[in-house]
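Remarks on the structure that follows.
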Amino acid sequence: MYNYILGSITDIESTYIVLESSGIGYQIFTPNPYSFDIGTTYKVYVYQVIREDENSLYGFKTKEEKELFLKLISVKGLGPKMALPILATGSISGIVDAIERENLLYLKKFPKIGDKVAKQIILDLKGKISITGVEVEHSVTSYEELIEVLKGLGYKEKEIKSIVVKVDQNLTIEEQVKEALKLLLK
């Protein structure tokens with residue numbers, strides 16, 4: 001089992017990064033790949049999923065993100081691919097707050113999270129998590145990257161195009177994603 005991998009980012013796609021360490025390029029699924037910069041060295045906290053038909057790495061910039069991810073995937077009916085879009089908001093405190101306040105509407109607005117899963121998240125995690133904020137890396141971007149990130153999170157192109165024009169293009173990609181997700185969650 002891996003705890004973290006220290007390496008340089010060589011590629012960024014809409015759902016994953018490629019982190020090169022000791023001559024090996026690891027494909028790592030992350031909540032917001034565009035928060036990383038190509039050519040920069042990062043310590044990426046990873047979680048490995050091994051199943052009969054899958055061997056995947058999920059990565060996070062902070063231990064807090066990884067900790068919340070592990071708690072989310074412990075919920076019955078919530079797998080790693082459903083947990084990533086929840087973390088993509090970048091607001092760990094918002095997610096924890098929604099769970100503690102039993103805010104079903106907040107949780108149900110994430111892709112693939114219905115009433116049953118939202119209730120299960122609250123049932124399994126209420127009172128069991130206390131996680132602080134996340135460090136934010138900055139880099140300027142365009143709407144194309146924002147659209148790709150949102151598509152990677154499972155939103156439909158029609159939904160994305162209706163809100164993307166309302167997002168300030170002068171923000172970093174991470175701030176744009178946060179703003180876009182707030183608009184999509186309304």
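The values are calculated or read from the model by the stated rules, or taken from the named source; none is laboratory data. All of these numbers come straight from a predicted model, not from anything done at the bench. As a convention, Cβ positions derive from the backbone with ideal geometry for all residues, glycine included, and neighbour counts pool all protein chains shown.
Quick one: in region 49-85, of everything that is of a type in the set (S, T, N, Q) and in a strand (DSSP E or B), which residue is nearest to Ser14 (Cα to Cα)?
The initial filter retains those residues of region 49-85 that are of a type in the set (S, T, N, Q), namely 55-56, 62, 74.
Okay, now just the ones that are also in a strand (DSSP E or B), so 55-56.
Working: Asn55: 19, Ser56: 16 Å.
Among those that are of a type in the set (S, T, N, Q) and in a strand (DSSP E or B), it is Ser56.
Name every residue in region 62-99 that is touching a Gly at 6+ places or on another chain (Cβ under 7 Å) and within 14 Å of Val117 (Cβ to Cβ), in order of residue number.
Of all residues in region 62-99, those touching a Gly at 6+ places or on another chain (Cβ under 7 Å) come to 73, 85, 92-93.
Result: Ile73, Pro85.
Mind checking which residues of region 17-38 are part of a helix (DSSP H, G or I) and among the aromatic types (Phe, Trp, Tyr)? Before the answer, list the steps.
Quick first cut of region 17-38, residues part of a helix (DSSP H, G or I) only: 33-35.
Scanning region 17-38 gives a single hit, Tyr34.
What is the residue count in region 121-144 for residues that are outside any loop (DSSP other than H, G, I, E, B), loosely packed, with under 15 Cβ neighbours inside 10 Å and modelled with pLDDT of 85 or more? Before you say what the answer is, go through the steps one by one.
Initially, region 121-144 is screened for residues outside any loop (DSSP other than H, G, I, E, B), giving 121-125, 140, 143-144.
Next cut, loosely packed, with under 15 Cβ neighbours inside 10 Å only: 123, 140, 144.
Going one step further and asking which of them are modelled with pLDDT of 85 or more, we end up with 123.
Residues meeting the conditions: 1.
Taking the stated definitions as given, is Tyr58 buried (at least 16 other Cβ atoms within 10 Å of the Cβ), modelled with pLDDT of 90 or more, more than 28 Å from Glu159 (Cα to Cα) and among the hydroxyl-bearing types (Ser, Thr, Tyr)?
Working: buried (at least 16 other Cβ atoms within 10 Å of the Cβ): yes; modelled with pLDDT of 90 or more: yes; more than 28 Å from Glu159 (Cα to Cα): no; among the hydroxyl-bearing types (Ser, Thr, Tyr): yes.
Taking the combined requirement at face value, the residue does not satisfy it.
Counting only residues that are buried (at least 18 other Cβ atoms within 10 Å of the Cβ) and in contact (Cβ under 8 Å) with a residue 60 or more places away in the chain, which one in region 72-106 is farthest from Lys61 (Cα to Cα)?
That would be Tyr106.
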